[in-house]
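**Student:** Quick one: the structure is below, and I'll ask about it shortly.
The values are calculated or read from the model by the stated rules, or taken from the named source; none is laboratory data. All values reported here derive from a predicted model rather than from experimental measurement. Glycine also receives a Cβ, built like all others from the backbone with ideal geometry; neighbour counts cover every protein chain displayed. The accessibility values were calculated without ligands, DNA or RNA, using every heavy atom of the protein model including side chains. Shrake-Rupley method; radii C 1.70, N 1.55, O 1.52, S 1.80 Å.
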Amino acid sequence: METVTMNVKGMTCGGCVASVTRVLKAVPGVDAVDVRLNPGQATVRYDAAKVAVPSLKAAIEGAGYDVTT
Ligand SMILES: [Cu+2]
């Protein structure tokens, strides 16, 4: 398993945290997700054989947030 922490911009409340958590957990190969509001960060543990960071970023962006690593 690999772990990455991404900076997520645009989350303003617990609902945003729940949304980002949900879309990340829906990505095949994602094992564990920890999303924090302050600072806006998402830490994801994932199987590098099944998924890569660009797909994780795309999932967050698809939910309407900006991501930098
Ligand atoms: Cu919100």
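**Student:** Within the stretch 1-50, can you find the residues that are part of a helix (DSSP H, G or I) and open to solvent by 80 Å² or more (accessible area, probe 1.4 Å)?
**Tutor:** ARG22, LYS25
**Student:** Answer yes if at least one residue in the stretch 51-61 is assigned to a strand (DSSP E or B) and either open to solvent by 80 Å² or more (accessible area, probe 1.4 Å) or modelled with pLDDT of 95 or more (or both), and no otherwise.
**Tutor:** no
**Student:** Among the residues of the stretch 4-26, how many are more than 16 Å from the ligand (Cβ to nearest atom) and over 13 Å from VAL67 (Cβ atoms)?
**Tutor:** Taking the stretch 4-26 first, the residues more than 16 Å from the ligand (Cβ to nearest atom) are 4-7, 25-26.
Applying the additional criterion that residues be over 13 Å from VAL67 (Cβ atoms) yields 25-26.
Number of matching residues: 2.
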